[in-house]
Amino acid sequence: MVFIKTGCKRSFGFEQVFDARLKTDRHSQFLLQCPGPGYLREVFRPCFFWGEAIVWQRMALELFRQAEARLSRRALRHNLSLIRSRLKESTGLHRARTEIMAVVKADAYGHSIREFLPELLKNGIRSICVASVEEGVLARRLNSKVEILVLGGSFRWPASLIHCLKENRLSLAVSDIASLRSLLRVKEIPIHLKLDTGMNRLGVKEDEWGLALELVRQSNRSLEGFMTHYASAQGSSFQRQVSRFEAALRAFIEAGLCPKKIHSENSAALFSRERLKKGLLSEKANLCRPGLSIYGYLSPPYERFEPGLRPVLSLVARLGLKKRLKKGEAVSYEGLYRAPYDHDIFVFPIGYADGIAKSYAPLLRPRILRAEGRKEKEALRLCGAICMDMIVLRDPAQQQRRVEWVEFWGSDRSNLVSKKLVSPYELNLRIASRIPRLWVN
């Protein structure tokens, strides 16, 4: 291990040390110490190599900021159980053979793929979706056996990228004819052909489906997968997309090109009342792609069908400082809050740099945490502005309650989401990487 000590306020310049050491030992570890207030020790080690680039994995040895994103194993198991139950009920058919392909793009929707992937595997998940090749490479480094489908992220195929896909055993969703022509020649890369049935984003357009079929036939290859993505999971729009996808699937099957994996259902399609009707798709589909529902949410307008999903992530912080405020004293920048009477205030080391946006202020209702995760019914209230690294709260009940940890959102349905102040997709994606994700129970 190489030990490097440096001052906090000057440029480190330790890249040269890394490069020199790695020429002799690619598995070297580096301990970096930055002395001074709030110093942080980190071990740097090469996580993986991609061409000439080194991607560094940082492992914090000491965490001084008392704010966490707590992940609930119990909630994850509950949500996966609901999804599996829904699969069996969705068409009136027993679909036990339909497996879950978990969507873990964007760092598992802000929950940390490093933390989330091992738990998914423990709960019987054998395949995942990511958004880009880079995310796929990271997922492969975390697990050598899981099946990984790259949904997008690249539309050009240089030799280096092809090599990366083969080396990391990544499957690829192909969305256009030009890419299909190129990638059918590379037999080591499993292809999921994506059809545009009405989303008008990614996917081969309907007037090119015949050409796609002919290209696959001429290549003497079988498709690994056949897929689409629904723009809506309700009303006539949904049924039109299903009908188009079934027609394309029937054409491929009749041509002797039946794909191994057929999937179209996302979280909205799984939990909407517009269920798949009995037909070719309900009989042949053997994968579904839930994303948001795994993490405990449904997007509008499907949240009204809420089946009892539980948010997996809770954002919490520990009290930093308790102070007594006198009547008439103002708090924080511009004195937006002025005390109407003497009362206590509580300062927490978390702010908008951590994902609690200033726009959340009107509906932010942090609740005091007690033993075993219980929460006080009466929420705390914001005092003044949400700052970059600090939030000041007060107890409107003035009950002299003991305050140590508070939950900003999580185990209960977030007031911010229910009042549509923020999308459930964005709520946890906005949480900064400096907030550690930790499993509980």
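Here, each number is a calculation from the coordinates, and none is a lab measurement. Owing to the predicted nature of the structure, the values given are computational and were not obtained by experimental measurement. Heads up, the Cβs are rebuilt from the backbone with ideal geometry, glycines too, and the neighbour counts pull from every protein chain shown.
Calculate the length of the line joining the C-alpha centroid of the range 338-385 to that of the range 137-211, in whole Å.
Cα centroid to Cα centroid, the span is 45 Å.
Cα-based Rg of the range 375-423 per 2.2 N^0.38 Å, rounded to two decimals?
Working: Rg = 12.2 Å, N = 49, 2.2 N^0.38 = 9.7 Å.
That works out to 1.27 for the range 375-423.
Taking 60 Å as R0, compute the FRET efficiency from the Cβ-Cβ separation of S433 and E254 and round it to 0.05.
Efficiency for this residue pair is about 0.75.
Reported to two decimal places, what Rg/Rh ratio describes the range 71-305 when computed on Cα atoms with Rh from the Kirkwood expression?
Rounded to two decimals, Rg/Rh equals 0.95.
Give me D for the range 314-440 in µm² s⁻¹, whole number, from Stokes-Einstein with Rh from the Kirkwood sum over alpha-carbon pairs, 20 °C and 1.002 mPa s.
In µm²/s, the coefficient rounds to 142.
Highest first, please rank the peptides 154-163, 357-366 by the mean number of other Cβ atoms sitting within 10 Å of their residues.
Order by mean packing, descending: 357-366, 154-163.
What is the spin-label model distance, in nm, from S182 to L321 if the labels are put 7 Å beyond Cα along the C-beta direction?
Each label point is offset 7 Å from its Cα along the Cβ direction, giving 5.6 nm.
Could you calculate the FRET efficiency of E329 with D389 from 1/(1 + (r/R0)^6), where r is the beta carbon distance between them and R0 is 22 Å, rounded to 0.05? Intermediate values should be presented prior to the final figure.
On the way: r = 22 Å, r/R0 = 0.98.
Efficiency computed from Cβ-Cβ geometry: 0.55.
Find how much the distance from S423 to R217 grows on full extension, using 0.36 nm per residue of separation minus their present alpha carbon separation; answer in nm with one decimal.
Difference between extended and current length: 69.9 nm.
How much length is gained if the chain between S237 and R381 is pulled fully straight, taking 0.36 nm per residue apart and subtracting their Cα-Cα distance, in nm to one decimal?
That works out to 47.5 nm of additional length.
Loop only per DSSP, at most 11 neighbouring Cβ atoms within 10 Å: give me the trypsin sites (Lys or Arg not before Pro) in the range 257-337, ordered by residue number. Working shown, then result.
On the way: sites: K260, K261, R273, R275, K277, K278, K284, R304, R318, K322, K323, R324, K326, K327; in loops: K260, R273, R275, K277, K278, K326, K327.
Those that pass, being in a loop and sparsely packed, are R273, K278, K326, K327.
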